[in-house]
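The values are calculated or read from the model by the stated rules, or taken from the named source; none is laboratory data. Remember, predicted model here, so these are calculated numbers, not experimental data. Here the Cβ positions follow ideal geometry from the backbone for every residue, glycine too, while neighbour counts run over all protein chains shown. Side chains are part of the model used for accessible areas, which takes the heavy atoms of the whole protein and leaves out ligands, DNA and RNA. Shrake-Rupley method; radii C 1.70, N 1.55, O 1.52, S 1.80 Å.
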Amino acid sequence: MTSTDQTDNPQALADERLEAALEKTGARDPRAVCRERLRELKGVDAAAFEQAVGHYRDRLIPSVAAGEEPFTAWVEYGRTIARLTVRGRTVAVDRTGLAREYATPADPEVLVLHLPRGGRGRALLVAQPRDPSPAQQATCDLLVDGRSTMREG
């Protein structure tokens, strides 16, 4: 792709930058989680879905194409979708299972969850490591999937 093509197509440039960042860091691609969350949002709140799509088109893609760190930008977009889905707070779970308030820049080694306010409903997955630790996997199983039993090794 030539630089003129990239300038004319911010989507392609943003995708290229994210792919390069994922290759460099070994992070798991956050786009699949965002797509899944968008599909769910579309079915329950059309106005929130349109707001999320507008954020993608008007803020995410232009900012990544302009040079913003792509992995962090996508995790922030995932947080935006989660906040449009349910009020709550976002936490980062490290490899030991310790949770703390989420802070940027995004760390590809942490599990990022959006916890609904008041404990209503399950946590929403925002981003996950390529190879979650047993503690991160157990956290995801319990809080996101509602599983109360351990997975077999």
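Summary of computed values
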item	result
Residue match in the stretch 48-55 (condition: in contact (Cβ under 8 Å) with a residue 12 or more places away in the chain and at positive phi)	no
Residues satisfying the stated conditions in the stretch 24-41, i.e. within 17 Å of the chain's Cα centre (by Cα) and either among the charged types (D, E, K, R) or loosely packed, with under 14 Cβ neighbours inside 10 Å (or both)	26, 28, 29, 31, 32, 35, 36, 37, 39, 40
Qualifying residue in the stretch 80-88 (condition: basic (Lys, Arg) and farther than 16 Å from residue 140 by Cα)	yes
Among the candidates 88, 118, residue that is surrounded by 15 or more Cβ atoms within 10 Å (Cβ to Cβ) and without any contact (Cβ under 8 Å) to a residue 60 or more places away in the chain	88
Leading residue by the ranking (most open to solvent (accessible area, probe 1.4 Å)) among those in the stretch 121-151 that are over 17 Å from residue 34 (Cα atoms) and in contact with a strand residue (DSSP E or B) (Cβ under 8 Å, 6 or more places away or on another chain)	143
Test: residue in the stretch 68-85 that is free of Cβ contacts under 8 Å to residues at least 12 places away in the same chain and open to solvent by 40 Å² or more (accessible area, probe 1.4 Å)	yes
Pairs where the first residue, in the stretch 9-32, is of a type in the set (Ser, Thr, Tyr) and the second is open to solvent by 20 Å² or more (accessible area, probe 1.4 Å) and not in a helix (DSSP H, G or I), C-beta under 7 Å, 6+ apart	25/108
